[in-house]
1. Pull up region 13-28, narrow it to residues that are surrounded by 12 or more Cβ atoms within 10 Å (Cβ to Cβ) and assigned to a strand (DSSP E or B), then point me to the one that is modelled with the highest pLDDT.
2. Would you check if LEU126 is surrounded by 13 or more Cβ atoms within 10 Å (Cβ to Cβ) and at pLDDT 95 or above?
3. Could you look through region 38-75, keep only residues that are in a loop (DSSP other than H, G, I, E, B) and among the hydrophobic types (A, V, I, L, M, F, W, C), and pick out the one that is farthest from the chain's Cα centre (by Cα)?
4. Does at least one position in region 29-36 carry a residue that is more than 27 Å from ARG124 (Cα to Cα), modelled with pLDDT of 75 or more and touching a Phe, Trp or Tyr at 6+ places or on another chain (Cβ under 9 Å)?
5. Could you please let me know if GLY32 is assigned to a loop (DSSP other than H, G, I, E, B), surrounded by fewer than 11 Cβ atoms within 10 Å (Cβ to Cβ), more than 21 Å from the chain's Cα centre (by Cα) and not β-branched (Val, Ile, Thr)?
6. Within region 37-53, take every residue that is under 23 Å from VAL99 (Cα atoms) and not β-branched (Val, Ile, Thr) and give me the one that is surrounded by the most Cβ atoms within 10 Å (Cβ to Cβ).
7. Please work out which one of (1) touching a strand residue (DSSP E or B) at 6+ places or on another chain (Cβ under 8 Å); (2) among the β-branched types (Val, Ile, Thr); (3) closer than 24 Å to SER120 by Cβ; (4) without any contact (Cβ under 8 Å) to a residue 60 or more places away in the chain is the condition THR11 fails and give its number.
Amino acid sequence: MDRYWLLTWTTYGTWLPGDDRGFVSNVDDGAGHGHRVNQPGTSPTSKQRGLQEFARSQMKGPPVFLDANHAAALLTQFQETAAVRGWQLSAVAIMRNHVHVVVGVVGDPEPDTLLRDLKSYGSRRLNTRSRLLQRADVGGRRQDRDENCRRNLRSGMP
């Protein structure tokens, strides 16, 4: 491996712009131009309640918190993604609201590419699994579709 990256991200909706803990985002410089506050040695922007409430109002669903079943599914997916891409997965820590991954790569790919692949395939795995966990009170048609999905997954069919 030529390079190792430590990648960290939070789960959906658990750390919004405006959060008291600070955040990295584009900030208006007063002249109508945004700039990203994300340089070593600079303080993160923080405590902007209006921005945090606006970000919360734009969410498409509730915040995502991971449990042990989610972590197991994510780890399996990260291992598969790394194997297909020829990466070395050196360490993974999947917490309730964030993930850390140390991944070795050949060459010098952009870390955004690694992050995108891990997050997108991980999200797909969780979304596929969550369809199996839909509430039983949402109506017969969805229940039938969910039961068909369960049956197909158990039998190994796509």
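1. In the first step, residues of region 13-28 are kept if they are surrounded by 12 or more Cβ atoms within 10 Å (Cβ to Cβ); the result is 13-19, 22-27.
Retained after the next criterion (residues that are assigned to a strand (DSSP E or B)): 23, 26-27.
On the way: PHE23: 81, ASN26: 70, VAL27: 68.
Restricting to residues being surrounded by 12 or more Cβ atoms within 10 Å (Cβ to Cβ) and assigned to a strand (DSSP E or B), the top hit is PHE23.
2. Values: surrounded by 13 or more Cβ atoms within 10 Å (Cβ to Cβ): yes; at pLDDT 95 or above: no.
In short, no.
3. Here is the first cut: in region 38-75, the ones in a loop (DSSP other than H, G, I, E, B) are 38-44, 46-48, 58-67.
Checking which are among the hydrophobic types (A, V, I, L, M, F, W, C) leaves us with 59, 64-66.
Working: MET59: 14, VAL64: 9, PHE65: 10, LEU66: 10 Å.
Residue satisfying both the conditions and the ranking: MET59.
4. no
5. Details: assigned to a loop (DSSP other than H, G, I, E, B): yes; surrounded by fewer than 11 Cβ atoms within 10 Å (Cβ to Cβ): yes; more than 21 Å from the chain's Cα centre (by Cα): yes; not β-branched (Val, Ile, Thr): yes.
Yes.
6. Kept after step one, since they are under 23 Å from VAL99 (Cα atoms), are these residues of region 37-53: 37-40, 43-46, 52.
Imposing the further condition that a residue be not β-branched (Val, Ile, Thr) reduces the set to 38-40, 43-44, 46, 52.
Numbers: ASN38: 12, GLN39: 8, PRO40: 4, SER43: 7, PRO44: 12, SER46: 12, GLN52: 18.
Restricting to residues being under 23 Å from VAL99 (Cα atoms) and not β-branched (Val, Ile, Thr), the top hit is GLN52.
7. If we test THR11 against (1) touching a strand residue (DSSP E or B) at 6+ places or on another chain (Cβ under 8 Å); (2) among the β-branched types (Val, Ile, Thr); (3) closer than 24 Å to SER120 by Cβ; (4) without any contact (Cβ under 8 Å) to a residue 60 or more places away in the chain, just (4) comes out false.
Here is a yes/no grid of residues against (1) of a type outside the set (Gly, Ala, Ser); (2) buried (at least 18 other Cβ atoms within 10 Å of the Cβ):
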residue	(1), (2)
MET59	yes, no
PHE65	yes, no
ALA72	no, no
PHE78	yes, yes
VAL84	yes, no
SER90	no, no
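The values are calculated or read from the model by the stated rules, or taken from the named source; none is laboratory data. Treat the numbers as computed from the prediction; the structure is a model and nothing was measured. Every residue, glycine among them, receives a Cβ derived from its backbone with ideal geometry; neighbour counts consider all protein chains shown.
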